[in-house]
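Participant: Mind having a look at this structure? Questions to follow.
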Amino acid sequence: MGHAIFKFSPDGELLLTLGTPGETGDPPTHFTAPNDVLIAPDGSIFVAETHSAQFQDEPGPIAKSRISKFAPDGTFIMSFGEWGYGDGQFRSPHSLAMDSQGRLFVADRGNRRIQIFDQEGNHQDTWYQFSRISGLFIDDNDVLYAIDSESDDNYNPGWRKGLRVGSARTGEVWYFIREHVSERPSGMGGYGSMGEGVTVDKNGIIYAGEVGPVKGLTKFVPRLIPQETEND
């Protein structure tokens, strides 16, 4: 039943199917290992694929990387992107998010970066400062949460796993939450574990979907550090 997108009602009724369950291929009728789905404010549906492309070092039959856009009723509109290292190319677009301006943020995990597009697929910017990202979330104030479950000396030398929090408006990185200590590492190796998916509630509480040796969810509660005064 893989390689497809399913839309359900709150009661579990199947409302829409995109792709052909159990079969790989190309849009509009098929997907190949889709990674993420995003619903824009106007109801447009964006689908990112292909998962295995992050492990390919040269073009080939399974080195597909693209984003497809569908109307709310499932009508195919367009696809953009291809496998590669340049702007507008991907090596596994692994997660999608949208800011208050309607810009589409893509966690281009295999290329260790975020790429930013308008909703017609036109490239706007490329950011490397948030590391090798598995999951993205942008809140109503354009605070960007980027979670890295994979960085190590082989796949992202000089970086460590963790959650980076910053601005979707300016690209600044404000905070870093380091990885957990674990018996085995998540991702490709290295040290410790961190989640692969991330979301944040209205109170700023962060929930990370764990992967590998740490199971379930991890909850991060923000806290204020009192500032020192002249009398301290």
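Participant: For residue 53, are the conditions met, namely being assigned by TED's automatic domain parsing to the domain that holds residue 120, within 22 Å of residue 138 (Cα to Cα) and hydrophobic (A, V, I, L, M, F, W, C)?
Facilitator: no
Participant: Only one residue in 36, 26, 42 is acidic (Asp, Glu), assigned by TED's automatic domain parsing to the domain that holds residue 8 and within 14 Å of residue 96 (Cα to Cα), so which one is that?
Facilitator: 36
Results for (1) of a type outside the set (D, E, K, R); (2) surrounded by fewer than 19 Cβ atoms within 10 Å (Cβ to Cβ); (3) farther than 24 Å from residue 110 by Cα; (4) over 18 Å from the mean Cα position of the chain (by Cα), shown as yes or no for each residue.
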| site | (1), (2), (3), (4) |
| --- | --- |
| 150 | no, no, no, no |
| 153 | no, yes, no, yes |
| 171 | yes, yes, no, no |
| 207 | yes, yes, no, no |
| 219 | no, yes, yes, yes |
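Participant: In the range 1-84, which strands (runs of 3 or more DSSP E) lie fully inside it and hold 3 or more residues that are closer than 22 Å to residue 121 by Cα, touching a residue at least 24 places away in the same chain (Cβ under 8 Å) and within 22 Å of the chain's Cα centre (by Cα)?
Facilitator: 34-39, 45-49, 66-70, 76-80
Participant: Okay, moving on. Check off (1) loosely packed, with under 14 Cβ neighbours inside 10 Å; (2) modelled with pLDDT of 95 or more for residue 1 and give me the number that stays unchecked.
Facilitator: Going through (1) loosely packed, with under 14 Cβ neighbours inside 10 Å; (2) modelled with pLDDT of 95 or more one by one, residue 1 breaks only (2).
The values are calculated or read from the model by the stated rules, or taken from the named source; none is laboratory data. Owing to the predicted nature of the structure, the values given are computational and were not obtained by experimental measurement. Neighbour counts run over all protein chains shown; Cβ positions are idealised from the backbone, glycine included.
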